[in-house]
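Student: Submitted below is the structure of interest, expressed as structure tokens.
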Amino acid sequence: MKILIVEDEHKVASFLKKGLEENQYEADVAYDGKTAEKIASQNNYDLFLIDIVIPFINGLDLCKIFKQMNPNVPVLMLTALGTTEDKLLGFDAGADDYLVKPFEFRELLARVKVLLKTAGASCNPANRIVVADLELDLDKKIARRGGMTFELTAKEFLLLEYFLRNAGRVLSRNDIAEKVWDVNFDFGTNVVDVYVNFLRKKIDKGFDKKLIHTRIGLGYIFKED
């Protein structure tokens, strides 16, 4: 497995590269966004480790660029910016996971293994989830229902996948925020409700049978009406 590390602190980059190589990964390093974009366009990588605060092209914009190059290659953001808002910005940019500095290398290694395993599983041509008359294609990151195909943003896809894998269960907003955004739910924000509404407009609008249902005071449940 080949990993690109994008980190402007040379000591940190060297530490990451050494640790990954000791665990049988091949690792390249770029110290700024422009160099990283160039290297990524010339090589095939299985995972990107990106610091947010880097020269020329910041980590959030670089993540978007990498996801446009190949949406199936996971991105793990490494940063000292650990607020809920920072994490949401990272995930909205397309990041698959988020690790706040300082961290233990064994935690980073565990997350790398999970991301690579998940990415490898998505190469399975039969990798799809079906609930009722809705099909989620895990390879193409699209949903199909009633002969229609729906394009999904990165966060819409993760939210819909979580609903499908937990069909028939009532999911609280806290459950959804923790699993989809990897943050504790902030009761001062309506980000979960906003994204649920985005999904409803795509997969429920125009259909007699609704799939996403609100349980007042409890959260949401995904099931055939």
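Student: Only one residue in A143, A177 is outside any helix (DSSP H, G or I), of a type in the set (A, V, I, L, M, F, W, C) and within 21 Å of T118 (Cβ to Cβ), so which one is that?
Tutor: Answer to the check: A143.
Student: Scan the range 183-198 and tell me whether some residue there is out of contact with any helix residue (DSSP H, G or I) (no Cβ under 9 Å at 6 or more places or on another chain) and in contact (Cβ under 8 Å) with a residue 40 or more places away in the chain.
Tutor: Within the range 183-198, none of the residues are out of contact with any helix residue (DSSP H, G or I) (no Cβ under 9 Å at 6 or more places or on another chain) and in contact (Cβ under 8 Å) with a residue 40 or more places away in the chain.
Student: Looking only at residues that are under 12 Å from the mean Cα position of the chain (by Cα) and not aliphatic (A, V, I, L, M) in the range 163-185, which one is least open to solvent (accessible area, probe 1.4 Å)?
Tutor: The qualifying residue least open to solvent (accessible area, probe 1.4 Å) is W181.
Student: From S14, S41, which residue is modelled with pLDDT of 95 or more and exposed (fewer than 14 other Cβ atoms within 10 Å of the Cβ)?
Tutor: S14 is the lone residue from the list that is modelled with pLDDT of 95 or more and exposed (fewer than 14 other Cβ atoms within 10 Å of the Cβ).
Student: Does E178 satisfy the criteria of being more than 30 Å from T83 (Cα to Cα) and at pLDDT below 90?
Tutor: no
Student: Confirm whether L211 is over 25 Å from P74 (Cβ atoms), open to solvent by less than 30 Å² (accessible area, probe 1.4 Å) and at pLDDT 90 or above.
Tutor: Against the criterion (over 25 Å from P74 (Cβ atoms), open to solvent by less than 30 Å² (accessible area, probe 1.4 Å) and at pLDDT 90 or above), L211 qualifies.
Student: Right, here's the next one. In the range 1-106, which helices (runs of 4 or more DSSP H) lie fully inside it and hold 1 or more residues that are under 21 Å from the mean Cα position of the chain (by Cα)?
Tutor: 33-42, 59-69, 84-92
The values are calculated or read from the model by the stated rules, or taken from the named source; none is laboratory data. Keep in mind it's a predicted model, so treat the numbers as computed, not measured. Cβ sites come from the backbone with ideal geometry, for glycine too, and all protein chains shown count toward neighbours. The protein model used for the area step is the full one, side chains on, heavy atoms only, and it has no ligands, DNA or RNA in it. Shrake-Rupley method; radii C 1.70, N 1.55, O 1.52, S 1.80 Å.
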